[in-house]
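Visitor: So that we are looking at the same thing, I have put the structure below in structure tokens.
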Amino acid sequence: MLPILFLKLSKDCYTDFMHPILKAHIEKREFHHAYLLCGGAEMCKKQAFEVADAILNTNTISRQPLDIGVNPDFSYNKFGLFGIDDSHNLANRANKKSFSDEGKVFVMEIFSFNMESSNALLKLLEDPTEKTYFFIIVSSADVVIPTLRSRFAVIDLRLGSSASKSDLEA
């Protein structure tokens, strides 16, 4: 199981901050297939879009959700309740071939899950399609059931979260 990573942030670094784990993944071009980004939606989206740019090897993805349609291998969606139909739709899209050889990126801002959709998403993440990457944005890791959470690289970006140096080195 991947550890939950915490980092204490100040309001001054909110807009220019890149989490060190995500920054390292970009620099090494070694990406996890699924990230759970916990915290404020805007900061989490910024982080996810930065990594998506690196994965898709483009500079065309805007930082604004309204302009994202420029890359057919990038998807951003927002859900109040992520239901079973949403999970099946995601699985169908994830299993299709990408338009480029770089892969596909799905960024989803989710308020809550039901048990059926959590289990369907768990199945999708247990056997991910090659070069398919998921970024799930939630307010807190507690929104996600433990078995599903264990499939993600969990990164906590909440303001005021605290961590010791050893937590960040894990």
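The values are calculated or read from the model by the stated rules, or taken from the named source; none is laboratory data. Keep in mind the model is a prediction, meaning the values are calculated, not measured. Quick reminder, even Gly has a Cβ in these numbers, built from the backbone with ideal geometry, and neighbours come from all protein chains shown. Please note that ligands, DNA and RNA were not included when accessible areas were found on the heavy atoms of the full protein model with its side chains. Shrake-Rupley method; radii C 1.70, N 1.55, O 1.52, S 1.80 Å.
Visitor: In segment 149-158, what residues are aliphatic (A, V, I, L, M) and buried (at least 22 other Cβ atoms within 10 Å of the Cβ)?
Guide: Val154, Ile155, Leu157
Visitor: A further question on this structure: I need a count of the residues in segment 126-143 that are open to solvent by less than 20 Å² (accessible area, probe 1.4 Å) and either in contact with a helix residue (DSSP H, G or I) (Cβ under 7 Å, 6 or more places away or on another chain) or under 16 Å from Ser75 (Cα atoms) (or both).
Guide: Qualifying residue count for the region: 6.
Visitor: Among the residues of segment 103-125, which ones are part of a loop (DSSP other than H, G, I, E, B) and either surrounded by fewer than 16 Cβ atoms within 10 Å (Cβ to Cβ) or modelled with pLDDT of 95 or more (or both)?
Guide: Of everything in segment 103-125, just one residue is part of a loop (DSSP other than H, G, I, E, B) and either surrounded by fewer than 16 Cβ atoms within 10 Å (Cβ to Cβ) or modelled with pLDDT of 95 or more (or both), namely Asn114.
Visitor: Tell me whether segment 40-59 contains one or more residues that are touching a helix residue (DSSP H, G or I) at 6+ places or on another chain (Cβ under 8 Å), over 23 Å from Arg158 (Cβ atoms) and either modelled with pLDDT of 90 or more or part of a loop (DSSP other than H, G, I, E, B) (or both).
Guide: The answer is yes, given that some residue of segment 40-59 is touching a helix residue (DSSP H, G or I) at 6+ places or on another chain (Cβ under 8 Å), over 23 Å from Arg158 (Cβ atoms) and either modelled with pLDDT of 90 or more or part of a loop (DSSP other than H, G, I, E, B) (or both).
Visitor: Let me ask something else about it. Can you run down the residue pairs with Cβ atoms below 9 Å, 6 or more apart or on separate chains, where the first is in segment 90-111 and hydrophobic (A, V, I, L, M, F, W, C) and the partner is assigned to a strand (DSSP E or B) and open to solvent by 100 Å² or more (accessible area, probe 1.4 Å)?
Guide: The qualifying pairs are Met108/Lys78; Ile110/Lys78; Phe111/Lys78.
Visitor: Determine, yes or no, whether Ser100 is among the hydroxyl-bearing types (Ser, Thr, Tyr) and modelled with pLDDT of 90 or more.
Guide: Here the answer is no, as Ser100 does not meet what is asked.
Visitor: Restricting the first residue to segment 28-46 and requiring it to be in contact (Cβ under 8 Å) with a residue 40 or more places away in the chain and open to solvent by 40 Å² or more (accessible area, probe 1.4 Å), which pairs with a second residue that is assigned to a strand (DSSP E or B) and not aromatic (Phe, Trp, Tyr) meet a Cβ separation below 7 Å and a spacing of at least six or different chains?
Guide: Listed pairs, sorted by first residue: His32/Ala153; His33/Thr132.
Visitor: Let me ask something additional. Taking segment 87-97 only, how many residues are assigned to a helix (DSSP H, G or I), open to solvent by 50 Å² or more (accessible area, probe 1.4 Å) and farther than 12 Å from Lys123 by Cα?
Guide: Selection size over segment 87-97: 3.
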